[in-house]
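Taking it in order: structure first as structure tokens, then the write-up.
The values are calculated or read from the model by the stated rules, or taken from the named source; none is laboratory data. Given the structure is predicted, the values throughout are model-derived calculations rather than measurements. Cβ atoms come from the backbone with ideal geometry, glycine included; neighbour counts cover every protein chain shown.
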Amino acid sequence: MGEEKPILEVSGVTKAYGAALAVRGVDLAVRRGEFLTLLGPSGCGKTTLLRMIAGFETVTGGSIRIADRDATRLPPYRRNLGMVFQNLALFPHLTVGENVAFGLKVKRAPQSEIEQGVRRALELVELGHLKDRAVHQLSGGQRQRVALARALAIGPSLLLLDEPLGALDLKLRRQLQIELKQLQRRVGTTFIFVTHDQEEALGMSDRIAVMNQGRIEQLGTAKEIYDTPATAFVARFVGDNNLFEAQRNDGAGRAIRLPRLGIVRTAPRAMPEAQALLAVRPENIVLRRAPADGALSGDIVEDTYSGASVRYSIAVGTEHLVATMPCRVGEAPPFAKGDRVVIDWDDARSVLTPMDQT
Amino acid sequence: MILGRALWRLWIFLIFAFLPAPILVVIVSSFSRSGYLRFPPTEFSLRWYGEFLSSPIWLKALGTSTVLAVGVALATTAVAFLAAFATSRLRFPGKGSLELLLLSPLLFPHAAIGVALLGVVAALGWIGTFQAVALAHVILCIPFAYRPILNSMRKMDLALEEAAMSLGAEPAYVFRHVTLPLLRPGLVTALLFSFIISFDEVTVTLFLIGPSVSTLPTQVFAHILESADPVIAAISSFLVLVTVVLVALLDRFVGLELFVEAERSR
Ligand SMILES: Nc1ncnc2c1ncn2[C@@H]1O[C@H](COP(=O)(O)OP(=O)(O)O)[C@@H](O)[C@H]1O
Ligand SMILES: [Mg+2]
């Protein structure tokens, strides 16, 4: 056998609702055993894409292959996928154990196998002791785990999760993120996880597909997405960024002018296009005390202390910049509101992205 | 102020005392010993219950009513289920009109419905037959079966069916093991209410019965035109008992809120 085939291959998939396109020509190859996250703002088509993969929506165009088999027209009950729904969709008329047993009963597995499967799945999520509980007697976090156990019990080739942590409070959410990631490592099932929370995506995923307006704008590891956003949208959506309009200032495209700031800097890469956007992360901005001759300077108009760091909002003429600086215990923050500062950054840590399409 | 409150309470008390008063009078009279209806009875006995349960005419009417009510309950619930399924799950032209049509038996006087159905039944050649009465009862019961089923369908989360499908269940299995159990309260409410309405119906039935078919309530009506013996009170008490028992069962096991619940926006 040659290189391993992807477990899921989405090719040119489109979904139209009337004249509106919810998903526009998505290509995506998911590797066996990876934790892949679809990240994007509400309404960008994440759920629609996931539901087409699951078979609950028909595709308007394109094809879907699951485990090297064409599944484009397969009904959901023939795809052998697990799904964890946004509202979990636990069967209210069944106990925890019966919920988990559902998929095994459908397959007419022998009783002993069902019992063993239920036990194993519940142990996986550490809920073995709640087997006979009614679903409505569970806490939010426990329901979450039952939904996972139910989907994993059938041994799916892929597990699809549509914002399963959305309804939980922040603390429980953070805890379950860690548990979910550990669980995925343990069972080795391929997870496709949907979220609009970029922090969640960065923390959990092997790879992230950033979606916007029905398209995947970038696919890569958390580090790739964060360090080198491929589009202005990704630069804006994932983490904080300062975005400046940049114009080519020499033939080679190595010097760029930032007209709004009135300065010239060195481009992080040769810039072939006449215009682009330069993205600089707030933590990559270096502040020094004024005065410094000829350098870019501005006034701190806002300082927000948040424990490990301070965030400064800086006015440069009519432009606004954001910079964050680490803050150590026992030390006063380096600057305060009203200070005049010199602004600099390492050009190698800035990123050029194409201008917005719009 | 205090006097006002006391008067108000008295008023409420009187309402609750007098609403069932006629029924109580009938029930008490049914235990009379004498040969004519009289309240309060001078002597008590079970004589008229014996009369009811030993007369072939009454027993035949009771049998007809029971078979009719069971059949009507099943048929009405099936039709109302399909209708509620269509109006809650599907999109099609004329959906609003269909809903109005299903609820329309509530809007017309029963006498008018009786006359209209008589025409329909004559056209079908069913005059004076059991199926004519059954058809009429199904039409009358549909609004009462449709609402609780529709309410339970609207309450149901469609993601549950999808969850079952993602676990490998084919549509028939999903229906049997997820949809049906979750709609059970609505279906039980529909069955029992249809049974009660059919079992007690008089007005429309009177238009449609013939010499060979007669239900318990219409037989009572016919009897009362000729004599006023307390067997009628005994039968009426029996009808009240059946209704009360069924409503109590319904309240105990599924609750009445599906029936009363106002239209909820989805
Ligand atoms: N059944 C539908 N009918 C019409 N439009 C829909 C339907 N489902 C989703 N949409 C539209 O498709 C777009 C993508 O929706 P969705 O996939 O739910 O986004 P997300 O999950 O990323 O928030 C939205 O603009 C939404 O309004
Ligand atoms: Mg969504």
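Key figures for this structure:
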item	result
Residue in segment A:59-66 that is surrounded by fewer than 20 Cβ atoms within 10 Å (Cβ to Cβ), at pLDDT 95 or above and within 14 Å of another protein chain (Cβ to nearest Cβ) present	no
Segments classed as helices (runs of 4 or more DSSP H), wholly inside segment B:147-214, with at least 3 members that are within 14 Å of chain A (Cβ to nearest Cβ) and in contact (Cβ under 8 Å) with a residue 40 or more places away in the chain	B:180-200
Qualifying residue in segment A:281-292 (condition: in contact with a helix residue (DSSP H, G or I) (Cβ under 8 Å, 6 or more places away or on another chain), surrounded by 13 or more Cβ atoms within 10 Å (Cβ to Cβ) and under 29 Å from residue A:352 (Cβ atoms))	yes
Sole residue being farther than 30 Å from residue A:177 by Cα and in contact (Cβ under 8 Å) with a residue 60 or more places away in the chain, chosen from A:39, A:90, A:21, A:74	A:21
Meets criteria (over 20 Å from residue B:174 (Cβ atoms) and more than 8 Å from chain B (Cβ to nearest Cβ)) for residue A:69	yes
Residue B:118, sole failed condition from (1) part of a helix (DSSP H, G or I); (2) under 18 Å from the mean Cα position of the chain (by Cα)	(2)
Residue count, segment A:1-42 (criterion: within 11 Å of ligand 1 (Cβ to nearest atom), part of a loop (DSSP other than H, G, I, E, B) and either aromatic (Phe, Trp, Tyr) or more than 17 Å from residue A:219 (Cα to Cα) (or both))	3
Segment A:12-35, residues that are under 27 Å from residue A:184 (Cα atoms) and within 16 Å of ligand 2 (Cβ to nearest atom)	A:26
Number of positions in segment A:257-280 that are surrounded by 15 or more Cβ atoms within 10 Å (Cβ to Cβ), without any contact (Cβ under 8 Å) to a residue 60 or more places away in the chain and not basic (Lys, Arg)	3
Test: residue in segment B:224-241 that is at pLDDT below 90, on the phi > 0 side of the Ramachandran plot and of a type outside the set (Asp, Glu)	no
Long-range neighbours under 6 Å by Cβ, at least six apart or interchain, first residue closer than 15 Å to residue A:340 by Cβ within segment A:299-320, second polar (S, T, N, Q)	A:301/A:313; A:302/A:313
Whichever residue in segment A:188-208 is more than 16 Å from ligand 2 (Cβ to nearest atom) and part of a helix (DSSP H, G or I) and, among such residues, is nearest to residue A:82 (Cα to Cα)	A:204
Which listed residue is more than 16 Å from ligand 1 (Cβ to nearest atom), in contact (Cβ under 8 Å) with a residue 12 or more places away in the chain and either in contact with a His (Cβ under 8 Å, 6 or more places away or on another chain) or not in a strand (DSSP E or B) (or both), from A:145, A:185	A:145
Segment B:87-111, subset among the small types (Gly, Ala, Ser) and surrounded by 12 or more Cβ atoms within 10 Å (Cβ to Cβ), residue nearest to residue B:152 (Cα to Cα)	B:88
Checking residue A:133 against (1) closer than 15 Å to residue A:86 by Cα; (2) free of Cβ contacts under 8 Å to residues at least 40 places away in the same chain; (3) out of contact with any Asp or Glu (no Cβ under 9 Å at 6 or more places or on another chain), the condition it does not meet	(1)
From A:192, A:154, A:225, A:208, residue being within 16 Å of residue A:35 (Cα to Cα), within 14 Å of chain B (Cβ to nearest Cβ) and surrounded by 20 or more Cβ atoms within 10 Å (Cβ to Cβ)	A:192
Hey, residue A:128 within 12 Å of another protein chain (Cβ to nearest Cβ) and surrounded by fewer than 17 Cβ atoms within 10 Å (Cβ to Cβ) or not	no
Residue count for segment A:99-122, restricted to those that are within 24 Å of residue A:142 (Cα to Cα), facing chain B (nearest Cβ under 10 Å) and not aliphatic (A, V, I, L, M)	4
Residues located in segment A:44-78, provided they are within 12 Å of ligand 1 (Cβ to nearest atom), farther than 20 Å from residue A:31 by Cα and basic (Lys, Arg)	none
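Yes/no per residue for (1) of a type in the set (Val, Ile, Thr); (2) modelled with pLDDT of 95 or more; (3) more than 25 Å from residue A:66 (Cβ to Cβ):
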{"position": "A:124", "(1), (2), (3)": "no, no, no"}
{"position": "A:150", "(1), (2), (3)": "no, yes, no"}
{"position": "A:163", "(1), (2), (3)": "no, no, no"}
{"position": "A:203", "(1), (2), (3)": "no, no, yes"}
